[in-house]
Amino acid sequence: MFCYWRLCKTMQEGKYNIKAVSKLLGIQSGTLRAWERRYQFIEPVRNDSGHRLYTEKHLQTLKWLINKTNQGFTISQAVSLLETSTVATDIPETKRYNEQSIKLADELLEALISFNENKAQMLISQAFSMYTIEHTVVDVIGAILVQIGDKWERGEITSAHEHFASNILKSRISSVMHMIPTSEFLPKALTVCAPGEKHELGLLIFTIFLKRKGYETVYLGESIADKDLFTVLKIIRPSYLFMSCSLNENLVGTLRLVEELSRDFPDLKVGLGGEALNHVSDEIRTSFSRVLIGGSQSDWEEWLKI
């Protein structure tokens with residue numbers, strides 16, 4: 001009985017300041033304040049100096065909400081679920097939400113293939129209003145890009161369809177990317193397409209991932225001359241350089257550039273992604289294992305931790 005009382009008392013005592021909560025949960029302090037001010041789902045206690053102090057129960061609530069946003073819910077939707085849901089209802093709610101996401105993606109794909117720009121733009125705006133940036137970019141737009149690529153390779157659509165869809169999606173992702181705030185306290189990163197590469201969409205999605213993690217990221221887009229890249233590296237001195245290589249024909253030049261970068265910038269951490277890296281030999285995969293970042297968000301998270 002005493003242990004239960006002590007647990008309850010601990011749950012009600014404020015012992016975490018906002019900086020500690022931010023670090024523990026991976027959420028920016030400004031975001032946390034904005035959530036509290038707008039949705040008022042928790043009310044931190046105040047110490048004698050007037051500073052916020054969060055309880056264990058507050059942390060549990062915030063973890064639940066963050067988990068929901070990671071699943072694709074917007075914070076307003078997650079707060080609404082918080083008022084009516086329990087852990088037991090998570091699975092059916094998430095399933096229904098994913099079904100809505102798939103339906104919207106299908107409608108958007110159809111609009112793009114039909115060259116219906118107005119409807120496509122409306123559906124993209126709807127997706128961003130309903131879901132988190134990550135969910136919209138990766139699970140909605142990313143899924144569409146895969147389908148469009150498959151359809152083009154099978155001859156079901158023309159290159160005109162592919163260009164039209166890619167231009168619209170690229171434009172919307174770019175506009176979102178430039179609006180994401182970053183932290184000056186995290187390492188700086190540079191993202192650019194590998195030598196000879198012009199396919200930017202995958203790199204744009206990865207850059208959004210980095211910026212949402214808080215990394216100050218300089219996005220260059222299409223490939224630039226090697227000498228120009230070296231000049232940029234000397235100017236901005238990033239901790240990370242990420243390159244995307246989609247075409248097999250550009251792989252040899254890309255790997256050669258990685259070796260040159262290792263010699264000239266020994267402290268620079270280089271990461272490689274893209275479709276071409278999915279088909280390399282075991283020998284190359286072993287030799288360049290330190291730079292291969294994988295193709296999923298979980299892979300990227302793990303690479304950054306290492």
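The values are calculated or read from the model by the stated rules, or taken from the named source; none is laboratory data. Treat the numbers as computed from the prediction; the structure is a model and nothing was measured. Note that we place each Cβ from the backbone using ideal geometry, even for glycine, and neighbour counts take in every protein chain shown.
Does ALA127 qualify as being among the small types (Gly, Ala, Ser), at pLDDT 90 or above and surrounded by 12 or more Cβ atoms within 10 Å (Cβ to Cβ)?
no
Kindly establish whether GLU156 is surrounded by 18 or more Cβ atoms within 10 Å (Cβ to Cβ) and part of a loop (DSSP other than H, G, I, E, B).
no
Answer yes or no: is there a residue in region 275-291 that is within 17 Å of PHE206 (Cβ to Cβ) and either small (Gly, Ala, Ser) or over 25 Å from the mean Cα position of the chain (by Cα) (or both).
Yes.
Would you check which residues across region 34-59 are at pLDDT 75 or above and loosely packed, with under 12 Cβ neighbours inside 10 Å and list them?
ARG37, ARG38, GLN40, GLU43 - these are the residues of region 34-59 that are at pLDDT 75 or above and loosely packed, with under 12 Cβ neighbours inside 10 Å.
If GLY155 satisfies all but one of (1) closer than 19 Å to LEU204 by Cβ; (2) without any contact (Cβ under 8 Å) to a residue 40 or more places away in the chain, what's the number of the condition it fails?
Failed condition: (1).
Look at ALA111 and say whether it is in contact (Cβ under 8 Å) with a residue 24 or more places away in the chain and assigned to a helix (DSSP H, G or I).
It is false that ALA111 is in contact (Cβ under 8 Å) with a residue 24 or more places away in the chain and assigned to a helix (DSSP H, G or I).
Of all residues in region 71-99, how many are closer than 23 Å to GLY142 by Cβ, exposed (fewer than 14 other Cβ atoms within 10 Å of the Cβ) and either in contact with a Ser or Thr (Cβ under 7 Å, 6 or more places away or on another chain) or at pLDDT 70 or above (or both)?
1
Name every residue in region 153-212 that is among the hydroxyl-bearing types (Ser, Thr, Tyr) and within 21 Å of the chain's Cα centre (by Cα), in order of residue number.
SER166, SER171, SER174, SER175, THR182, SER183, THR191, THR207
Please specify each residue of region 18-27 satisfying the condition of being in contact with a helix residue (DSSP H, G or I) (Cβ under 8 Å, 6 or more places away or on another chain) and exposed (fewer than 13 other Cβ atoms within 10 Å of the Cβ).
Restricting attention to region 18-27, the residues satisfying the condition of being in contact with a helix residue (DSSP H, G or I) (Cβ under 8 Å, 6 or more places away or on another chain) are 18-19, 21-22, 24-27.
Across region 18-27, the qualifying residues are LYS19, GLY26.
Being in contact with a strand residue (DSSP E or B) (Cβ under 8 Å, 6 or more places away or on another chain) and not basic (Lys, Arg) is the filter here; which residues of region 267-279 pass it?
LEU268, VAL270, GLY271, LEU272, GLY273, GLY274, LEU277
In region 286-298, how many residues are of a type outside the set (A, V, I, L, M), over 12 Å from PHE209 (Cα atoms) and not in a loop (DSSP other than H, G, I, E, B)?
Residues meeting the conditions: 2.
Regarding GLU260, is this residue assigned to a helix (DSSP H, G or I) and in contact with a helix residue (DSSP H, G or I) (Cβ under 8 Å, 6 or more places away or on another chain)? Break it down stepwise before answering.
Details: assigned to a helix (DSSP H, G or I): yes; in contact with a helix residue (DSSP H, G or I) (Cβ under 8 Å, 6 or more places away or on another chain): yes.
Here the answer is yes, as GLU260 does meet what is asked.
Is it the case that LEU255 is in the same structural domain as GLU216 (by TED's automatic domain parsing) and part of a helix (DSSP H, G or I)? Before the answer, list the steps.
Details: in the same structural domain as GLU216 (by TED's automatic domain parsing): yes; part of a helix (DSSP H, G or I): yes.
Yes, satisfied.
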